[in-house]
1. Need the C-alpha centroid separation for segment C:168-242 versus segment A:34-111, integer Å.
2. Need one word for chain B: rounded, prolate or oblate. Basis is the Cα gyration tensor (sqrt eigenvalues a ≥ b ≥ c); a/c below 1.5 gives rounded, then a/b vs b/c decides.
3. What residue of chain A sits with its beta carbon nearest the rotation axis taking A to B, and at what distance in whole Å?
4. Report, for residue D:170, each distance to the same residue's label point in the other copies, shortest first and in nm; define the point 7 Å along Cα→Cβ.
5. Could you work out, residue by residue across D:202-208, how many beta carbons of other chains sit within 10 Å of that residue's beta carbon, and then give the average as an integer?
6. Rounded to the nearest 0.05, what FRET efficiency is calculated for residue B:123 and residue D:98 with R0 set to 45 Å and r the Cβ-Cβ distance?
7. Can you figure out the FRET efficiency of residue A:97 with residue C:24, using R₀ = 30 Å and their beta-carbon distance, to the nearest 0.05?
8. Can you tell me which of D:104-112, C:189-197 comes out highest on packing, and rank the rest after it, using the mean Cβ neighbours within 10 Å?
């Protein structure tokens, strides 16, 4: 194995320096501290916390996860304790086991809710950026509409930017005709960055009962199977906007992380694979130098958007 | 293995009776006769022929296929000999090895081209229906736009219906914000049926050269990885329209074929799996009775759209 | 939690569709009620299985073939390897009972075997009530009789008391101070509404199995809790059944 | 075409990143220039490999580790099985030459070994020109010398003539009536522009390998043709290089 020290893995996101570009994706890593007894999570570039709303949410009825060919469906529905307890309880626990700063992922049902949650994170020093989840397919009457209509998204981003003291990264849905159009809309509204892709809408049916496996019918599809779709959309967005792009969708290895960065990602998020292999994010970080060495790259920043 | 004869596998599509609901998908089965030395293709419900245009087309430069995690990318670009030779040469060869009727898949760059190709198929008795490919991601200046804009699609379908003496089944692209809206638009324009999903847009990059693996940059993603997305969209379309739906996307087994039918498909198309396992379509047909037996179903028509 | 590669020692079919998979000795410690998650080849998500037995370092799991994952498991042979997350969940608190009653429904009762053995090692012979639809569902009855004082209830009366578990609880009137229950959600709900003086092991479809995804959360009097990490064992009184 | 499960007999590393995989005897017949497609575990698409040797029913393939699929192949051991489509493609037409010249570039020359053996069995010792970047690329040179009269050309002059294949063709002025060429696209294009009196085996990324997907079509004077099914061997005069 190559030595991490021989390679520069540091990347800069909104002025914050990540020791490497690997960030566990929101919803697949809890509030981070849950993984502290699996490995020393200080190896991580950052962490995107579980989606947080204004008030406590239980989420959707069970079952809310399902197996797919090479991936999974989820319809969790933003279970969280509400922003105040997230800050006072969850992030406090995280501070004990993680030295770096993290990304707060914010969900909501209305512009007012998003704005209020973002405002309350202003005072939380542990958070260096907000990931605005405008693409959760699992929340009725909210989430998804913000993510598929450019002008609705634009209004939301403007409202949030007006109160936020932290950079706003908007998480886009892949369930749109033109991801570039969505990206340009949120960039125009002042977004400091874009992360993508959220999950594709998917479904599985239990043959014996003839009922959808997920209690709510359908959910978000993620995992290995979405990688080529994610890569293409990250590249489309990279070409459409000038703010940093954080790429995710089906990354399971350092090679795929590098491929995603070549497509245009400044940093990558690892999602479903954390649930399959709890050591996934750590292993990807450890494997990065070997892949870079193969490619004769000393500074990982060289590869960002380098696809010809 | 259960006996095919104990189960009714016959389904009806636009008045034509298929001996079973399994149809190799366009572009993965040539003009059918290429598989005649692999197995007796008379077992097939029908065959959707390689996409046909007015004039001969070579297609896109190589490489035009790429490996993906559990699927593949293609950017073939509608290679075919042009409609006249397809009818006089390809379909003539097919007649010698397949007794049933088939589906002609029609591509094009303009309304006029689609209309003319459809008109020329009128006289071809071997063809019982036209599959209008308005969703090929691999043809510049045509294909895709018809598949992502409801009013453009509507106009095309109306023009084609005006000249066609055969039922028109419109093949939809999954790369849209609302598949239901597209389905309603083409149904409103007179489409006799809908098939979906065509490929998702995807990309892979060769790390060593930093170039996209496909010569044209990106292509259509298909195979096991798209199944949950296809299933959801088939169900959405089934609920949105009253014309028959033909479901495809990542089907590799009889169980998945049955799941797709429960979601709303009257028949299913098997695509990429034919390229991985040349016997795939035949095996799925042979396995259907076992799956139906497990579910206590004697007539496969019972399960169409039966998801609760 | 540990991530281990387990080696199959034995994969015994004990009825039409029920198997017991035993693994070679490993450095593990299990409390009764804990579970493992197996990564079956060809599937994304791991499958959770409660500890059926743990004897001299050898773990046994009891499973029914219900889908493609368990069908694949049924084909596994001695010497084959499987990636597992082990020592998951909290397990039963055996200190709560001096006179324990173990209540099991169908195959879901499997974890009670190791629980009964645990009590036996403490010098306590547990009472046990096993409910099932019909006699032939009680595939492990003889094993259970070796470690506990077993009563049976079947819906169709083919074995023991005829009736459901709660009716049987009333009928047998066990002399116990705390119960431990395992089984279907419907059965557990009935037991909890009859008495909350016990612990219940919950089942749920899981994605990760170690508390990260919130896929298996249930509602409790103390807010949402994860079956995989906060459970699978909860006090009967804290569970809010839907 | 046949769909067969092949058993690895031997998987020998012959240089840093080049291997020869030999399979147990099967009921097959191969013409030189034909190929097989291997389904490597964990990948969707099969990988095409030209026949390197076929001796007493035992097929050998020569491959270089260039990606994850071939890296996986390199780990395979004697006794392991692999799903294969066999007897694919048309193969060389050995009746065209009385005095054959075999022209190979780098590792792409591999199929010429079996072609030279085929000529040898017909009582013809073929002349052969092997081009490479440098001497160390000619990992199979000694094997080839056993079956043909081999001349070498290297770009850097570390072995044989210094220069490219076409320059070497002029230099050696072979006494031949028909050539058979295998190698990189750039090298084949140069050979074809020097002379069209021969057959060329083309390479392309393929999806199916048996003519269904049109993934590997090239342009010829007779329209588009599929490398996998109409080829991989074409007359030099019919290929339209891009």
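Any read-out appearing in this document is the output of simple, stated calculations on the displayed coordinates, not a laboratory observation. Model, not experiment: these values are computed from the prediction. A quick note on method: Cβ atoms are made from the backbone with ideal geometry, for glycine too, and the neighbour counts reach across all protein chains shown.
1. 24
2. On the way: a/c = 1.29, a/b = 1.19, b/c = 1.08.
Rounded is the answer for chain B, as its axis ratio a/c remains below 1.5.
3. So the closest residue, with its distance, comes out as A:225, 1.
4. Result for residue D:170, in nm, nearest copy first: 10.5.
5. On the way: counts 0, 1, 4, 9, 4, 12, 12.
Neighbouring Cβ atoms belonging to other protein chains average 6 per residue here.
6. Numbers: r = 52 Å, r/R0 = 1.15.
Once the sixth-power term is evaluated, E becomes 0.30.
7. Numbers: r = 34 Å, r/R0 = 1.13.
Here the calculated transfer efficiency is 0.30.
8. Working: D:104-112: 25.7, C:189-197: 17.2.
Highest-to-lowest ranking by the protection proxy: D:104-112, C:189-197.
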